[in-house]
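The values are calculated or read from the model by the stated rules, or taken from the named source; none is laboratory data. Quick caveat: nothing in here was measured; it's all calculated off a predicted structure. Glycine also receives a Cβ, built like all others from the backbone with ideal geometry; neighbour counts cover every protein chain displayed.
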Amino acid sequence: METGTLTVPGAEIHYEVRGAGPPLLLINGGDGDAALFGPLARLLAEHHTVITFDPRGNSRSPLTGPPATQWIEDRGDDARLLLDAVAGGEPAYVFGTSYGAMTGMDLLARHPGRVRALVAHEPFVIELLPDADRWHALFEEVYGLYRREGLRPAMRRFAEAVGVDDAPEPDEGLPAPVREMLARVRANGETVLAYELRSFTRFRPDAGALRTGPFVLVTGEQRPRTLLHRTTEALAERLGTRITEFPGGHVGYLTHPADFAVALRGAFAA
């Protein structure tokens, strides 16, 4: 694996490159970083040049200016610049999950020549829900809780409402790299709550670009259903497309990497 740092407007982006072959960009969401894609990336590197990165403000990708509200389009610009730097402008296969799926949609809409095919996994497109206002009010509540009581109570409230698991504690019994990754992910919650959650969930995808572009919409097969299932279904209805189920839940790429790699290769082939 090779690592590098890319200077972009407002941030220094940490990225990792594995393997050889057609470029494949993996885009994380929320508080994640490149390490969460490690097991999947190693499998996909058998046939691809796999590019992973820490989103701006997360982990090893520090902001270079004062913290401020961020938007999905900022991450889309980072993804384009990273592909220019690493893939030399060659169109890439793109997989994105949650906010990363929305980043991929922005990349496909504004820079279609950079995307060979996009697989979007459980995009958090709250704006497409009929009760979007209720969810935006809840995110304001979570932000207020964060300001009053701190990160952990706010993240627990958010995880319970959305139906996903909160990041586990970096237990001393875990291997050192896993502990370090979990510690980074938990700390990234500060960026999520302060500068991303309330703005990212205002993103509205370009339906026309998705209908005409090389696009596959997927969700986790794991039950019970979560808010991410609802948002994925709302987008499918808007586009008139079907949803493909992938192994595991919202982090199936981490919990079921081998099966997930097979499913992802199939989606790109299709």
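Observations on the structure shown:
- Only one of the listed residues (L210, L228, L235) is aliphatic (A, V, I, L, M), within 19 Å of P55 (Cβ to Cβ) and part of a helix (DSSP H, G or I). That residue is L228.
Conditions (1) farther than 19 Å from F95 by Cα; (2) touching a Gly at 6+ places or on another chain (Cβ under 7 Å), marked per residue:
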{"residue": "P177", "(1), (2)": "yes, no"}
{"residue": "E180", "(1), (2)": "yes, no"}
{"residue": "R198", "(1), (2)": "yes, no"}
{"residue": "T212", "(1), (2)": "no, no"}
{"residue": "T226", "(1), (2)": "yes, yes"}
{"residue": "T231", "(1), (2)": "no, no"}
{"residue": "T244", "(1), (2)": "no, no"}
{"residue": "L254", "(1), (2)": "no, no"}
{"residue": "F260", "(1), (2)": "no, yes"}
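- For region 37-49, the criterion of being closer than 24 Å to P205 by Cβ and touching a His at 6+ places or on another chain (Cβ under 8 Å) is met by none of the residues.
- Any chance T212 is of a type in the set (S, T, Y) and buried (at least 16 other Cβ atoms within 10 Å of the Cβ): no
- For D259, the conditions (1) among the charged types (D, E, K, R); (2) in contact (Cβ under 8 Å) with a residue 40 or more places away in the chain; (3) part of a helix (DSSP H, G or I) are fulfilled apart from (2).
- Criterion: under 15 Å from the mean Cα position of the chain (by Cα), farther than 22 Å from L25 by Cα, hydrophobic (A, V, I, L, M, F, W, C) and modelled with pLDDT of 95 or more - qualifying residue of L239, L197: L197
- Residue list for region 89-108, filter: assigned to a helix (DSSP H, G or I) and either farther than 20 Å from F260 by Cα or in contact with a Lys or Arg (Cβ under 9 Å, 6 or more places away or on another chain) (or both): Y99, G100, M102, T103, M105, D106, L107, L108
- Residue count, region 109-132 (criterion: assigned to a helix (DSSP H, G or I) and under 19 Å from E196 (Cβ atoms)): 4
- Boolean, M1 is modelled with pLDDT under 95 and closer than 28 Å to A183 by Cβ: yes
- Any chance P130 is touching a Pro at 6+ places or on another chain (Cβ under 9 Å) and modelled with pLDDT of 95 or more: no
- Verdict on L107 being free of Cβ contacts under 8 Å to residues at least 60 places away in the same chain, crowded, with 24+ Cβ neighbours inside 10 Å and in contact with a Leu (Cβ under 9 Å, 6 or more places away or on another chain): yes
- Any chance T191 is modelled with pLDDT of 90 or more, under 21 Å from L264 (Cα atoms) and of a type outside the set (A, V, I, L, M): no
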